[in-house]
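Structure, as structure tokens:
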Amino acid sequence: MRMIEIEKVREVIGQNPADKASLIAVLQDIQKEFHYLPQMALKEAADYMGVPLSKVYSAATFYKAFSLKPRGEKIVRVCKGTACHIKGADLILEQLETGLGIKAGETSEDLKFTIEIVNCVGACAMAPVMIVNDKYHGNVRVDKALKLVKKD
Amino acid sequence: MRIDSTEKLGQWQKECQKRIEAQKKRVLVCLGPGCLAGGSDQILEEFKNILAQKKIKDVTVESIKKTGCHGLCARGPLVVIEPEGIFYSKVKKANVAEIVEKTLEKGELVEKLLYTDPESKKKIVDYKEIPFYARQMKLSLRNVGQIDPDSISDYIARGGYAALAKVLKSMKPAKVIDEVSRSGLRGRGGGGFSTGRKWASCAKIESDIRYVICNGDEGDPGAFMDRCIMEGDPHSVLEGMIICAFAIDSPEGYIYVREEYPLAVVNLRNAIDAARQHGLLGKDIMGSGFDFDIKINRGGGAFVCGESSALMKSVAGEVGEPRAKYVRSVAKGLHDKPTVLNNVESFATIPVIIDKGADWFASIGTKKSTGTKAFSLAGKITNTGLIEVPMGITLREIIYDIGGGIPEGRKFKAVQTGGPSGGCLPEAKLDLPVDFDTLTEAGSMMGSGGMIIMDDRTCMVDVARYFLNFLVEESCGKCVPCREGLYQLHKLCVKICEGKADEDDLALMERLSKVIQTASLCGLGTSGPNPFLSTVMYFRDEYLAHIRDRKCPGGVCKELITYSINDKCTGCMACIRVCPVNAITGEKKKLHVLDQELCTKCGSCYAVCNFDAIDIV
């Protein structure tokens with residue numbers, strides 16, 4: 001597990017106004033820094049904005065972008081929008097799951113890879129699409145998917 | 001430079017135009033999502049590098065421009081050279097030196113990069129003559145692909161903010177609303193509600209404050225026009241919002257952008273900064289005394305937040321659960337104050353309406369659906385990409401004349417419009433005119449404009465299962481009919497796909513659908529059964545094949561099919577390498593064998609086989 005420093009957490013949270021309307025923006029900033037939402041950071045956020053911790057958790061679990069579990073160095077997102085679905089996104093997912101030994105939504109034990117499913121990234125013209133960290137790969141071929149992930 | 005009067009904007013526009021005309025040649029490199037995935041950012045860099053080293057007359061590094069989506073994503077990466085409109089497709093980084101040397105230096109063409117018409121096999125130079133572009137009419141996409149989204153002077157040169165100047169100088173708020181009403185513009189997010197009426201009812205309500213919100217959530221899978229507008233022409237959205245704010249007297253606006261579109265956030269933020277700097281946004285806009293400012297909210301990845309009342313909750317920093325709309329959001333919206341919420345494409349269209357007049361706009365399209373509509377074409381279609389056409393054009397014209405038909409010689413089966421709230425239309429409906437009311441009557445809907453084309457290798461029951469699964473995952477869970485009803489509907493659909501259902505299950509699904517439609521709280525629930533209902537209406541045979549014959553005609557549903565290798569197999573080993581469970585064995589150049597016991601029917605072998613050697617039964 002990575003070490004999370006309290007000073008860093010406070011600095012990240014402190015960029016936003018201390019009111020409840022900032023809740024989602026605060027969570028986004030925490031996640032951007034640590035790639036997930038550490039429990040201690042959520043407590044800090046609740047104190048800072050003056051909202052109950054339950055409310056922070058409520059938002060953190062409602063929105064798909066947030067993760068309460070640590071995530072890997074490489075986030076591999078497989079798009080399962082309609083166009084990707086009919087062009088074989090499931091095959092790509094199956095290749096990755098077998099190849100990396102983890103299921104969608106999971107992180108490998110060495111914290112290298114996380115596989116996530118995303119319901120359309122708006123790049124439907126090049127379906128099927130896979131995103132490795134921030135890099136888009138279009139027209140992904142089943143037999144190339146795993147290689148792309150490992151190389152990128 | 002601060003634009004403190006509408007006259008000053010006119011001067012600035014002339015300067016901007018002059019600066020562009022001074023460049024004898026302009027190279028537009030498409031950095032839309034499609035071309036970017038093909039490496040167009042590297043192509044742009046390469047152009048800049050080469051031109052920085054070479055001294056070519058009339059062509060400098062400034063002649064290279066990054067633009068938003070040019071439309072024909074299927075042929076990307078795209079490079080267009082103006083003023084001639086030379087259209088190069090499938091460009092690679094390695095081609096850049098040749099383009100510079102031949103086209104920019106000597107004025108010659110690079111033949112191999114030109115577009116070849118699939119029918120006549122002729123090369124087409126000017127993109128305006130390519131059938132894909134020739135049939136289009138671009139209003140909301142007028143600048144996308146033509147300008148650098150980060151350059152406010154590009155936008156100004158093409159007449160940007162002139163509509164705002166006209167509004168501030170010579171129009172009263174009521175006149176602006178009247179103009180938008182008379183244009184007949186209906187909400188491009190899919191609802192199709194009259195934009196003018198929405199503005200008018202909001203403006204009428206007494207309140208200390210009113211808000212303007214731009215819905216950039218675009219959660220419909222298969223839709224990406226709002227993304228391309230926000231990324232490729234952010235100022236047009238801002239200008240539309242400022243005009244709206246003036247019309248309803250609002251000091252504060254928000255753009256809600258979905259989490260999956262980070263570039264849209266960057267480009268909008270740059271545009272907001274530039275507009276503020278030049279006095280086009282913020283305090284005392286163009287010296288008129290009118291104040292209005294815009295903030296960006298990033299979404300958190302929840303489909304339901306595209307629904308207006310959920311979106312407003314999310315903007316306020318809460319969980320995005322919709323509320324019952326006994327009182328409309330024009331009366332009680334964000335922070336319970338009157339709010340106008342329109343989508344990206346609607347706002348981007350507003351400046352055109354003000355500029356060219358309501359009558360001109362209303363003369364385009366059909367009587368009840370005026371103007372043009374942007375669509376994204378995806379799925380099993382030759383020309384995947386972004387288009388804009390006049391309302392009333394038929395589905396056949398879009399799919400065959402513009403979209404180039406179905407690739408690989410396969411047969412058209414259905415077109416899905418309107419995302420998870422829409423439906424699938426069969427071949428018999430291809431001659432329907434595309435407008436709000438006709439599509440709804442046919443059991444689908446306009447939606448935000450995603451069009452997904454399906455061929456005979458698509459299973460319509462699987463498509464219904466896909467959308468139901470999507471909606472089950474995205475339901476916020478606040479109301480029972482949506483949370484439990486869609487869950488059960490999906491479960492029954494899976495039962496059909498697995499060949500375990502009988503006809504009573506189908507009848508139950510139809511009854512359940514009616515309940516969900518009637519009793520759900522928001523649009524996600526009330527339209528949730530649509531993908532099922534439209535597929536069962538037009539493709540009942542396919543459902544019955546799954547139920548009675550335990551067969552999947554599309555060859556998709558795993559439990560009902562088997563894969564086998566036929567004697568066309570050349571022994572190339574491609575399927576062996578890709579099979580995740582080692583179910584295929586064989587040697588090089590010898591017929592391979594598939595072990596049915598091990599096979600998980602994932603279809604990977606079918607996807608990679610180049611010799612038609614895998615049969616699906």
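The values are calculated or read from the model by the stated rules, or taken from the named source; none is laboratory data. Every value quoted in this text rests on a predicted model; they were computed, and no experiment measured them. Positions of Cβ are generated from backbone atoms using ideal geometry, with glycine treated the same way; all protein chains shown enter the neighbour counts. Note: accessible area is taken over every heavy atom of the protein model, side chains too, but ligands, DNA and RNA are not part of it. Shrake-Rupley method; radii C 1.70, N 1.55, O 1.52, S 1.80 Å.
Here are a few things to note about the model shown:
- All of (1) under 19 Å from B:Pro322 (Cα atoms); (2) among the hydrophobic types (A, V, I, L, M, F, W, C); (3) without any contact (Cβ under 8 Å) to a residue 40 or more places away in the chain hold for B:Cys479 with one exception: (3).
- Single residue of A:Pro38, A:Pro70 found to be in contact (Cβ under 8 Å) with a residue 60 or more places away in the chain, under 21 Å from the mean Cα position of the chain (by Cα) and over 30 Å from B:Ile381 (Cβ atoms): A:Pro70
- For the range A:12-61, filtering for residues that are of a type outside the set (A, V, I, L, M), crowded, with 17+ Cβ neighbours inside 10 Å and not in a helix (DSSP H, G or I) leaves 4.
- Of all the numbered requirements in (1) assigned to a helix (DSSP H, G or I); (2) on the phi > 0 side of the Ramachandran plot, B:Arg577 misses one, and that requirement is (2).
- Members of the range B:434-465 found to be farther than 22 Å from B:Asn343 by Cβ and in contact with a strand residue (DSSP E or B) (Cβ under 8 Å, 6 or more places away or on another chain), listed by number: B:Ala442, B:Gly443, B:Ile453, B:Met454, B:Asp455, B:Asp456, B:Thr458, B:Met460, B:Val463
- Residues of the range B:170-217 satisfying the condition of being part of a strand (DSSP E or B) and in contact (Cβ under 8 Å) with a residue 60 or more places away in the chain: B:Arg186, B:Tyr211, B:Val212, B:Ile213, B:Cys214, B:Asn215, B:Gly216
- Selection within the range B:286-306 - part of a loop (DSSP other than H, G, I, E, B) and open to solvent by 30 Å² or more (accessible area, probe 1.4 Å): B:Ser288, B:Gly289, B:Asp291
- Strands (runs of 3 or more DSSP E) within the range B:315-414 that include 1 or more residues polar (S, T, N, Q): B:339-343, B:372-379
- Just so you know, in the range B:580-615 the residues that are more than 29 Å from A:Ile102 (Cα to Cα) and touching a residue at least 24 places away in the same chain (Cβ under 8 Å) include one that is farthest from the chain's Cα centre (by Cα), and it is B:Leu591.
- Positions within the range B:32-86 being open to solvent by 50 Å² or more (accessible area, probe 1.4 Å) and at positive phi, in sequence order: B:Asp58
- Within the range A:84-135, considering residues that are in contact (Cβ under 8 Å) with a residue 24 or more places away in the chain and of a type in the set (Lys, Arg), the one farthest from B:Pro33 (Cα to Cα): A:Lys112
- Flag if B:Gly422 is open to solvent by less than 10 Å² (accessible area, probe 1.4 Å), modelled with pLDDT under 95, within 14 Å of chain A (Cβ to nearest Cβ) and at negative phi: yes
- For A:Thr98: the one exception among (1) closer than 27 Å to B:Ser475 by Cβ; (2) surrounded by fewer than 17 Cβ atoms within 10 Å (Cβ to Cβ): (1)
- Of all residues in the range B:315-368, those being in contact with a strand residue (DSSP E or B) (Cβ under 7 Å, 6 or more places away or on another chain) and crowded, with 20+ Cβ neighbours inside 10 Å number 15.
- All positions within the range B:577-598 that are within 14 Å of chain A (Cβ to nearest Cβ), among the hydrophobic types (A, V, I, L, M, F, W, C) and surrounded by fewer than 18 Cβ atoms within 10 Å (Cβ to Cβ): B:Val581, B:Leu598
- B:Gly528 touching a Phe, Trp or Tyr at 6+ places or on another chain (Cβ under 9 Å), open to solvent by less than 80 Å² (accessible area, probe 1.4 Å) and within 30 Å of B:Cys305 (Cβ to Cβ): yes
- Given (1) on the phi > 0 side of the Ramachandran plot; (2) charged (D, E, K, R); (3) buried (at least 18 other Cβ atoms within 10 Å of the Cβ), index of the condition B:Glu408 fails: (3)
- Residue check, B:Gly371 open to solvent by 10 Å² or more (accessible area, probe 1.4 Å) and away from chain A (no Cβ under 14 Å): no
- Picking from residues in the range A:109-151 that are facing chain B (nearest Cβ under 7 Å) and closer than 17 Å to B:Gly301 by Cα, the one that is surrounded by the most Cβ atoms within 10 Å (Cβ to Cβ) is A:Cys120.
- Among the residues making up the range B:472-490, those that are closer than 25 Å to B:Tyr538 by Cβ, out of contact with any Ser or Thr (no Cβ under 9 Å at 6 or more places or on another chain) and not charged (D, E, K, R) are B:Val472, B:Gln488, B:His490.
- Residue within the range B:465-474 that is open to solvent by less than 10 Å² (accessible area, probe 1.4 Å), under 20 Å from the mean Cα position of the chain (by Cα), under 26 Å from B:Asp401 (Cα atoms) and not aromatic (Phe, Trp, Tyr) present: no
- Taken together, B:Gly279, B:Gly253, B:Gly240 contain a single residue that is within 30 Å of B:Gly222 (Cβ to Cβ), open to solvent by less than 60 Å² (accessible area, probe 1.4 Å), at pLDDT 95 or above and not in a helix (DSSP H, G or I), which is B:Gly253.
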